[in-house]
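Before any comments, here is the structure.
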Amino acid sequence: MPEISDSKLEYLFKRYVDGACTQPEKDELLGLIDQARFDDQLKSLMDQVWGRLSSTYQLDDEQSERILAGILAPRNVAERRISGIRYWWWSGVAAVIIVIIASTWLWHSRSRQIIQPAVTAAVAPSQTPATAARRGVVLILGNGSSVVLDSAHNGVIAQQGGTAITKNNGRLSYTGQGIENKAAVYNTIVTPRGGDYQVVLPDGSKVWLNAVSSLRFPTSFTGPERSVELTGEAYFEVAANSAKPFKVNAKGVEVNVLGTHFDVMAYQDEPLIRTTLLEGSVRVSDRKGQVVLVPGQQASLDRRVGGSIAVSNADLEAAVAWKNGLFLFHDTDIKSVLREISRWYDADVVYEGDVNGQLNGMISRKADLEEVFHMLEVTSNLKFTIEDKKIIVRHGK
């Protein structure tokens with residue numbers, strides 16, 4: 001009877017919001033959502049949640065459509081449902097669903113000490129890398145000695161020639177004192193799995209380092225150019241100085257700028273070296289050639305094939321999501337997603353069977369690993385098991 005189904009829809013919806021749905025209940029909920037006769041009731045339920053979320057979380061139409069398709073398309077629901085219901089409402093549905101998945105942002109978390117998402121992964125609490133590991137960001141000084149920045153007190157932590165190195169609440173700054181070094185002195189910042197850091201270089205340029213990355217740079221830029229070396233990933237906001245170009249060397253790719261905002265990814269375990277431009281202009285070059293980027297473009301070099309640098313339109317949100325404290329995936333290759341998760345949660349990934357495809361989703365990098373798994377399982381047919389510090393990935397049955 002309709003009234004029984006109406007009650008069932010409300011029951012299942014509330015179970016989903018509370019993160020308590022079993023997989024059969026999720027399937028049943030999506031089945032009810034797919035029936036047009038429940039539109040009014042479902043809209044009322046969604047409005048109750050969305051009204052409390054919309055003041056703190058926003059998605060534009062393109063983001064909403066992409067995320068909704070990623071969640072519902074595997075069940076062949078999205079195309080038919082969007083065509084039958086006002087799109088603005090389904091934008092809200094998509095946003096609510098993705099915020100529900102990203103349970104660190106749930107409105108009802110204020111009244112619950114901890115959110116327990118419905119995770120089908122077999123997780124032993126004592127073995128779970130539940131939150132991002134932080135084993136210490138290290139600064140290597142010019143004489144080879146090192147400072148663990150996580151445990152260093154705020155204030156001046158070292159002196160390199162005429163440059164004072166100051167730590168202030170998770171950020172490192174280099175300040176010249178009017179004395180130039182006769183010979184260049186280089187420092188290196190190294191971030192571990194689960195660690196990121198920000199540094200203000202001697203010229204005032206700001207750099208955000210992602211996990212498992214290193215940046216080597218002089219403690220003062222005294223020559224005709226400003227040159228740094230990057231392994232891993234970093235976001236740069238370069239101080240403008242037309243008389244002294246800024247260069248980033250990353251695994252054989254050189255990025256030349258005058259003053260701009262851009263992201264460079266050059267991890268050893270990633271097949272692509274990518275430069276994404278947000279503002280200004282950069283020239284990306286290697287031994288085979290060079291390209292000039294305009295804002296919104298991305299240069300990629302595939303080290304597996306040894307080809308030339310390719311230029312494409314960039315997904316800017318996804319490229320810098322890590323800097324903004326997010327995992328954000330837009331039709332992203334599964335293995336690329338899991339490499340990023342592996343670097344942040346200090347866990348190795350093992351695949352059982354042929355695992356491939358694309359993922360969509362968004363969640364805070366402050367989320368527990370179980371919450372990330374919940375998002376991935378909802379938006380794919382993958383299953384995850386944790387054994388010690390290994391993430392075992394397989395297709396769901």
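What to note about this one:
- Simple rule: put +1 on each Lys or Arg Cβ and -1 on each Asp or Glu Cβ in region 138-319, find the dipole, and look at Tyr174, Leu209, Asn313; the Cα lying farthest toward the positive end is Tyr174.
- Of Val291, His261, Ile140, farthest towards positive along the dipole that unit charges on Lys, Arg, Asp, Glu beta carbons give region 138-319: Ile140
- Residues whose amide H falls under 5 Å from that of Ser220, counting only those 5 or more places apart or on a different chain, are Val185, with hydrogens built in the peptide plane.
- Gain upon complete extension [Lys14, Ser146; 0.36 nm per residue less C-alpha separation]: 42.3 nm
- Remark on region 149-217: Rg and Dmax equal 12.1, 37 Å (Cα only).
- Distant-in-sequence amide H partners of Asp150 (H built 1.01 Å from N, under 5 Å): Val137
- Computing Rg and the Kirkwood Rh from the Cα coordinates of region 211-319 gives a ratio, Rg/Rh, of 0.94.
- Ignoring lysines fewer than eight residues from Lys288 along the same chain, the ones with Cα atoms less than 24 angstrom from its Cα are Lys247, Lys251.
- Using R0 = 35 Å, the C-beta based FRET efficiency linking Asp302 and Ser364 works out to 0.70.
- The trypsin sites (Lys or Arg not before Pro) of region 338-368 that meet both conditions, a loop assignment by DSSP and at most 13 other Cβ atoms within 10 Å of the site Cβ, are Lys366.
- Likely footprinting exposure, Thr163, Thr191, Thr275, fewest C-beta neighbours within 10 Å first: Thr163, Thr191, Thr275
- Candidate lysines - alpha carbon under 21 Å from Lys26, same-chain residues fewer than 8 apart omitted: Lys8, Lys14, Lys43, Lys383, Lys397
- From least to most packed, judged by other beta carbons within 10 angstrom and beginning with the fewest, Leu369, Leu30 follow the order Leu30, Leu369.
- Distance between modelled label sites at Lys244 and Leu30, nm, 7 Å Cα→Cβ extension: 5.6 nm
- Ordered by the number of other Cβ atoms lying within 10 Å of each residue's own Cβ, fewest first, Trp344, Trp208 fall into the sequence Trp208, Trp344.
Read the figures in this text as sums done on the coordinates, not as results from a lab. Just so you know, these numbers come straight off a predicted model, no measurement behind them. Because the Cβ atoms are built from the backbone with ideal geometry, glycine has one as well, and the counts that use them run over all protein chains shown.
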